[in-house]
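Q: Shown below is the structure under consideration.
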Amino acid sequence: MQQGRPGIAPLEQVDRSLLRFGNAAEVRGWDPLRYFDEKEIGLLDRFAQFGAVAAREAVADAAIEWTTELRENTAIVTGSCVGGQNTEDEGFVNLYRNNIPRVNPLTIPRTMENAAASRISLETGVVGPTYTISTACSSSNHAIGQAFWMVRSGAVRMAISGGSEAIFSLGFLKAWEAMRVVSPDTCRPFSKDRRGLILGEGGAMLVLEALDSARARGAKIHGEIVGFGMSSDAFHITQPSSDGAVRAIRAALSDAALQPEEIAYINAHGTATAANDATETASIRKVFGAHADRLAISSTKSMHGHTLGAAGAIEAAATLLALRHGILPPTANYTQPDPACDLDVIPNQARHAQVECALSNSFAFGGLNAVLAFRRSDS
Amino acid sequence: MSNEELTGRVRAIIAAAQHVPVDKITPDSTFEELGIDSLDGINILFAVESEFNINIPDDAAQKIGSVRDVVAGIAALLESGGGKGPVRA
């Protein structure tokens with residue numbers, strides 16, 4: 001992302017000739033045997049594998065030393081929009097098309113949206129509150145926000161939170177094709193010639209704990225989550241509403257006790273659909289007023305695609321690392337300014353800028369919005 | 001297929017998709033007048049594709065905003081013989 005290089009390429013997991021779009025942001029060269037034995041793989045859909053491996057990396061990065069007490073006081077909150085989509089598709093192809101009258105009994109545990117959360121619990125021995133939030137494209141922002149609130153309130157000492165998604169099954173892609181929002185070429189958020197989103201897959205997990213606690217044990221601190229806001233549009237099942245986005249952004253600022261002028265960067269929802277990008281721009285202008293012209297905004301979906309229920313988690317990681325390293329990720333594939341998206345969208349090249357506070361937006365189908373607020377940590 | 005026949009079938013498809021009487025839909029109706037939003041629109045195009053066994057490209061779909069547009073689009077696709085077979089933009 002620092003290099004502004006998109007991971008978008010011809011789709012490999014599904015026969016492209018059966019689709020109107022042919023490009024995607026896939027996890028390439030994924031070999032589950034590097035992470036799981038064969039029996040474990042039988043229990044884990046690709047999305048749960050992504051979630052479990054991301055959690056392993058996060059736990060190792062945070063250098064957690066587990067105790068019984070800590071395991072009882074740690075939460076796991078994950079986001080996923082569609083769970084084990086591949087597994088479900090495969091089972092139903094066998095049943096409906098191949099006339100195989102039996103469906104694999106592991107289909108249910110592989111398909112359930114909480115499969116990643118449950119797997120992380122099994123691997124870590126965490127026995128505190130563990131659950132999954134499924135709010136379409138806002139899933140993992142809602143998950144991280146809930147986990148953040150639990151840690152901040154003292155309900156738990158620590159949380160593992162994020163999201164994962166693996167969506168490349170023919171049935172699901174045909175449903176996206178019918179929605180007519182997937183780009184036939186690439187993802188160009190905020191660009192006048194944008195033609196829609198590019199679907200992606202992947203996972204990201206964060207370890208959350210109180211700042212004092214992390215400092216006291218000398219943990220590596222990537223940054224602070226300082227606020228969370230959410231809202232529902234109550235407007236339309238798929239069309240975005242500026243009012244709903246505005247309320248979620250304001251709620252996040254209020255929860256963080258931040259003034260709009262303190263925000264310097266926004267990791268946008270930025271799907272590159274005609275409707276989202278213009279509505280999101282209008283929402284940002286409404287919240288930030290004149291300060292909107294001093295904000296830097298980018299959609300990293302231009303590089304990692306739209307990973308649906310994992311989007312908020314991947315974008316939270318991108319935002320935290322942007323603050324930590326003083327490098328704001330760009331909006332890749334940008335070609336032409338759009339008067340309806342007239343913000344500084346960091347076109348094509350990352351920008352060196354040490355900023356203190358940032359937001360990350362997620363606005364889901366169904367009108368469900370979730371916004372996280374971050375602060376750079378000087379630790 | 002005559003234009004009248006095509007128009008009649010399109011009106012019937014839209015009426016069924018929107019759950020409104022067919023006489024509410026005239027050849028001159030726009031989607032806006034009929035209260036057809038973007039989601040209704042793609043649902044209608046899905047029904048049209050199924051009825052005529054055609055594939056309407058996304059770019060063409062975006063320009064459709066009236067009963068007349070739907071009819072003209074179908075006529076063009078049927079005439080060119082395009083839009084059939086495996087879907088590839």
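Q: Please verify whether B:Val10 is under 11 Å from the mean Cα position of the chain (by Cα), closer than 24 Å to A:Arg20 by Cα, crowded, with 17+ Cβ neighbours inside 10 Å and in contact (Cβ under 8 Å) with a residue 60 or more places away in the chain, treating the condition exactly as stated.
A: Criteria met by B:Val10.
Q: Residues that are farther than 18 Å from A:Ala60 by Cα and among the aromatic types (Phe, Trp, Tyr), at least 1 per element: which helices (runs of 4 or more DSSP H) completely within the range A:100-160 meet that?
A: Numbers: elements: A:107-111, A:115-124, A:139-153.
Per the criteria, A:139-153.
Q: Can you pull out every residue in the range B:49-89 that is modelled with pLDDT of 90 or more, within 12 Å of chain A (Cβ to nearest Cβ) and closer than 20 Å to B:Met1 by Cα?
A: Within the range B:49-89, B:Glu49, B:Ser50, B:Asn55, B:Ile56 meet the criteria.
Q: Name the residue, out of B:Asp28, B:Asp58, that is closer than 24 Å to A:Lys174 by Cβ, in contact (Cβ under 8 Å) with a residue 24 or more places away in the chain and in contact with a strand residue (DSSP E or B) (Cβ under 9 Å, 6 or more places away or on another chain). Full working, then the answer.
A: Values: B:Asp28 fails: closer than 24 Å to A:Lys174 by Cβ.
Just a single option satisfies the conditions, and that option is B:Asp58.
Q: Can you tell me which of A:Thr74, A:Thr67 is closer than 29 Å to A:Asn369 by Cβ and either out of contact with any Lys or Arg (no Cβ under 6 Å at 6 or more places or on another chain) or at pLDDT 95 or above (or both)?
A: Of the residues listed, the single one that is closer than 29 Å to A:Asn369 by Cβ and either out of contact with any Lys or Arg (no Cβ under 6 Å at 6 or more places or on another chain) or at pLDDT 95 or above (or both) is A:Thr74.
Q: Using the structure shown, decide if A:Ala178 is within 14 Å of chain B (Cβ to nearest Cβ) and not in a loop (DSSP other than H, G, I, E, B).
A: Yes; evaluated as a whole, the condition is true for this residue.
Q: Kindly establish whether A:Leu70 is of a type in the set (A, V, I, L, M), surrounded by 15 or more Cβ atoms within 10 Å (Cβ to Cβ) and out of contact with any helix residue (DSSP H, G or I) (no Cβ under 9 Å at 6 or more places or on another chain). Lay out the reasoning, then the answer.
A: Numbers: of a type in the set (A, V, I, L, M): yes; surrounded by 15 or more Cβ atoms within 10 Å (Cβ to Cβ): yes; out of contact with any helix residue (DSSP H, G or I) (no Cβ under 9 Å at 6 or more places or on another chain): yes.
Against the criterion (of a type in the set (A, V, I, L, M), surrounded by 15 or more Cβ atoms within 10 Å (Cβ to Cβ) and out of contact with any helix residue (DSSP H, G or I) (no Cβ under 9 Å at 6 or more places or on another chain)), A:Leu70 qualifies.
Q: Related question: Quick check: is even one residue across the range A:147-158 surrounded by 24 or more Cβ atoms within 10 Å (Cβ to Cβ), touching a residue at least 12 places away in the same chain (Cβ under 8 Å) and within 14 Å of chain B (Cβ to nearest Cβ)?
A: Scanning the range A:147-158 turns up no residue that is surrounded by 24 or more Cβ atoms within 10 Å (Cβ to Cβ), touching a residue at least 12 places away in the same chain (Cβ under 8 Å) and within 14 Å of chain B (Cβ to nearest Cβ).
Yes or no, residue by residue, for (1) within 14 Å of another protein chain (Cβ to nearest Cβ); (2) more than 22 Å from A:Gly7 (Cα to Cα); (3) touching a strand residue (DSSP E or B) at 6+ places or on another chain (Cβ under 6 Å); (4) of a type in the set (D, E, K, R):
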{"position": "A:Arg20", "(1), (2), (3), (4)": "yes, no, no, yes"}
{"position": "A:Arg28", "(1), (2), (3), (4)": "no, no, no, yes"}
{"position": "A:Asp31", "(1), (2), (3), (4)": "no, no, no, yes"}
{"position": "A:Tyr35", "(1), (2), (3), (4)": "no, yes, no, no"}
{"position": "A:Glu38", "(1), (2), (3), (4)": "no, yes, no, yes"}
{"position": "A:Leu43", "(1), (2), (3), (4)": "no, yes, no, no"}
{"position": "A:Ala52", "(1), (2), (3), (4)": "no, no, no, no"}
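Q: Turning to a different aspect of this structure: Out of the range A:185-196, which residues are within 14 Å of chain B (Cβ to nearest Cβ) and touching a helix residue (DSSP H, G or I) at 6+ places or on another chain (Cβ under 7 Å)?
A: Scanning the range A:185-196 gives a single hit, A:Arg194.
Q: Can you tell me which residues in the range A:237-265 are closer than 29 Å to A:Met303 by Cβ, assigned to a loop (DSSP other than H, G, I, E, B) and not hydroxyl-bearing (Ser, Thr, Tyr)? Before the answer, list the steps.
A: Narrowing the range A:237-265 to residues closer than 29 Å to A:Met303 by Cβ: A:237-242, A:244-253, A:255-256, A:258, A:260-265.
Among the residues that remain, those that are also assigned to a loop (DSSP other than H, G, I, E, B) are: A:237-241, A:258.
A:Ile237, A:Gln239, A:Pro240, A:Leu258 - these are the residues of the range A:237-265 that are closer than 29 Å to A:Met303 by Cβ, assigned to a loop (DSSP other than H, G, I, E, B) and not hydroxyl-bearing (Ser, Thr, Tyr).
Q: Determine whether A:Ala252 is at negative phi and either surrounded by fewer than 17 Cβ atoms within 10 Å (Cβ to Cβ) or more than 14 Å from chain B (Cβ to nearest Cβ) (or both).
A: Values: at negative phi: yes; either surrounded by fewer than 17 Cβ atoms within 10 Å (Cβ to Cβ) or more than 14 Å from chain B (Cβ to nearest Cβ) (or both): yes.
Considered against the rule, which asks whether it is at negative phi and either surrounded by fewer than 17 Cβ atoms within 10 Å (Cβ to Cβ) or more than 14 Å from chain B (Cβ to nearest Cβ) (or both), A:Ala252 comes out as yes.
Q: Go through the range A:49-85 and give me each residue that's aliphatic (A, V, I, L, M) and not in a helix (DSSP H, G or I). Talk me through it step by step, then tell me what you get.
A: Step one: list which residues in the range A:49-85 are aliphatic (A, V, I, L, M), which gives A:52-55, A:58-60, A:62-64, A:70, A:75-77, A:82.
A:Ala62, A:Ala63, A:Ile64, A:Ala75, A:Ile76, A:Val77, A:Val82 - these are the residues of the range A:49-85 that are aliphatic (A, V, I, L, M) and not in a helix (DSSP H, G or I).
Q: Still on this structure: Farther than 22 Å from A:Val355 by Cα and assigned to a loop (DSSP other than H, G, I, E, B): which single residue out of A:Gly218, A:Gly203 fits that description? Break it down stepwise before answering.
A: Working: A:Gly203 fails: assigned to a loop (DSSP other than H, G, I, E, B).
Exactly one of A:Gly218, A:Gly203 is farther than 22 Å from A:Val355 by Cα and assigned to a loop (DSSP other than H, G, I, E, B), namely A:Gly218.
Q: Can you tell me which residue is nearest to the other protein chains (Cβ to nearest Cβ) among those in the range A:163-175 that are small (Gly, Ala, Ser) and part of a strand (DSSP E or B)?
A: A:Gly163
Q: I've got another one for you. Within 14 Å of another protein chain (Cβ to nearest Cβ) and either touching a residue at least 12 places away in the same chain (Cβ under 8 Å) or surrounded by fewer than 23 Cβ atoms within 10 Å (Cβ to Cβ) (or both) - does that describe any residue in the range A:217-229?
A: no
Q: Would it be correct to say that B:Glu4 is away from chain A (no Cβ under 12 Å), surrounded by fewer than 16 Cβ atoms within 10 Å (Cβ to Cβ), within 30 Å of A:Asp15 (Cβ to Cβ) and not hydrophobic (A, V, I, L, M, F, W, C)?
A: Taking the combined requirement at face value, the residue does not satisfy it.
Q: Return yes when A:Gly270 is at pLDDT 95 or above and at positive phi and no when it is not.
A: Here the answer is yes, as A:Gly270 does meet what is asked.
Q: In addition: Being at pLDDT below 95 and away from chain B (no Cβ under 14 Å) narrows it down to one of A:Gln13, A:Gln2, so name that one.
A: When all the criteria are applied, what remains is A:Gln2.
Q: If I go through the range A:1-48 residue by residue, how many of them are of a type outside the set (Ser, Thr, Tyr) and assigned to a helix (DSSP H, G or I)?
A: Selection size over the range A:1-48: 14.
The values are calculated or read from the model by the stated rules, or taken from the named source; none is laboratory data. Bear in mind that the values here come from a model prediction, so they are computed numbers and not experimental data. All Cβ positions, even for glycine, are placed from backbone atoms using ideal geometry, and neighbour counts span all protein chains on display.
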